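S.K.: Pasting a structure below so you can have a look.
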Amino acid sequence: MNQKTVHNAMDNLSSLLNYTAPAAGQNNASGALVFRTTVTSTFPLNRIIFGAPGTGKSHTLEKDSEALLPSPLNYERVTFHPDYTYAQFVGGYKPVTDENGDIRYKFVAGPFTRVLTAALANARTDNPQPYLLIVEEINRARVAAVFGDIFQLLDRDEYGVSDYHINVSEE
């Protein structure tokens, strides 16, 4: 894989992440652009449901997602397990064969990146819709290893904006 491909992929993701909704148009204390959506919900931005097996946790999430989302295509569900990795959750480079039979490496997005990029792209439309990522069995994985730096982005202020920023590496 050449460095130009990596930089193009990073630029594409960066342009989505750095987008500021016209209605918001504000900078945070550090001067960085802030993205605020016009989508509102009675559900919290981040929620953990816990309980014994068979008590209806997944069923509750299914019903709540139906109430929140206008389309079942606006969410993904992932189940963590002890060997689940950052590369699976966020994404990573994987070998693929091109049309000439040559092997090259391509970034393959994980559920986090797929939902994030779809939601950010949708937010640029005239009718932004909510997107949802459901993580089942979060306690079974090594959470710090799976989330990495993006764990910081879960901490949000009253407007749903992260109080922290992260630097995406070029790896």
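The values are calculated or read from the model by the stated rules, or taken from the named source; none is laboratory data. What you see is a predicted model, and the numbers here were worked out from it, not measured in a lab. All Cβ positions, glycine included, derive from the backbone under ideal geometry; neighbour counts span all protein chains shown. Ligands, DNA and RNA are stripped out before the accessible areas are found, and what is left, the full protein with its side chains, is counted by its heavy atoms. Shrake-Rupley method; radii C 1.70, N 1.55, O 1.52, S 1.80 Å.
S.K.: Working out 0.36 nm times the residue gap between residue 41 and residue 109, then minus their Cα-Cα distance, what length gain in nm do you get to one decimal?
M.R.: Values: separation 68, 0.36 × 68 = 24.48 nm, distance 2.69 nm.
Length gained between residue 41 and residue 109: 21.8 nm.
S.K.: May I ask you to derive the FRET efficiency for residue 98 and residue 121 from their Cβ-Cβ distance with R0 = 22 Å, giving the value to the nearest 0.05? Show your work: numbers first, answer last.
M.R.: Working: r = 26 Å, r/R0 = 1.18.
The pair residue 98/residue 121 has a calculated efficiency of 0.25.
S.K.: Roughly speaking, to the nearest percent, how much of segment 92-145's 1.4 Å accessible area is carbon and sulfur? Write out the running numbers ahead of the final one.
M.R.: Working: 1720 of 3450 Å².
Within segment 92-145, the accessible surface is 50 percent carbon and sulfur.
S.K.: Sticking with this structure for a sec: Ignoring ligands, DNA and RNA, what accessible area per residue does segment 51-131 give at 1.4 Å, in Å²? Please report the intermediate quantities before stating the final value.
M.R.: Values: 5010 Å² over 81 residues.
For segment 51-131, the solvent-accessible area averages 62 Å² per residue.
S.K.: Also: Residue 94: which aspartates and glutamates have alpha carbons under 18 Å from its alpha carbon, excluding same-chain residues fewer than 8 sequence positions away?
M.R.: 83, 102, 170, 171
S.K.: Let a ≥ b ≥ c be the square roots of the eigenvalues of the Cα gyration tensor of segment 95-165; is it rounded (a/c under 1.5), or, if not, prolate (a/b larger than b/c) or oblate? If you can, show how the numbers build up before the last one.
M.R.: Numbers: a/c = 2.41, a/b = 1.40, b/c = 1.72.
Oblate, because a/c is 1.5 or more while a/b does not exceed b/c.
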